[in-house]
């Protein structure tokens with residue numbers, strides 16, 4: 001009987017780093033790195049027949065799980 005390989009999810013890559021989306025939140029970077037960027041879409045607008053992000057919140061976050069959530073955010077834009 002042949003064993004099935006456990007496949008790791010293949011995320012889209014941008015400049016060599018994974019880009020992961022969960023609803024209106026996008027994460028750019030690997031959890032193995034020291035920091036990741038969190039992009040949250042705050043509002044959208046219609047352009048012709050497409051929804052386009054209008055306001056976006058950007059946060060530079062630490063990936064260290066030992067740090068509390070509030071302390072993980074290094075910079076906000």
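Bear in mind these aren't lab numbers, they're just calculated from the coordinates by the rules spelled out. Small disclaimer: the values here were computed from a predicted structure and weren't measured.
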So for the chain, averaging the separation of alpha carbon pairs under 8 Å that are six or more residues apart and normalising by length, what relative contact order in percent results?
19 percent
Given the Cα-Cα distance of residue 51 and residue 66 and 0.36 nm per residue of separation, how much length would full extension add, in nm?
1.7 nm
Full extension between residue 24 and residue 59 adds, at 0.36 nm per residue less the Cα distance, a length in nm of 11.2 nm
Mind checking the log10 I(q)/I(0) for the chain at q = 0.22 Å⁻¹? Debye, one equal scatterer per Cα, no solvent, two decimals.
-1.08
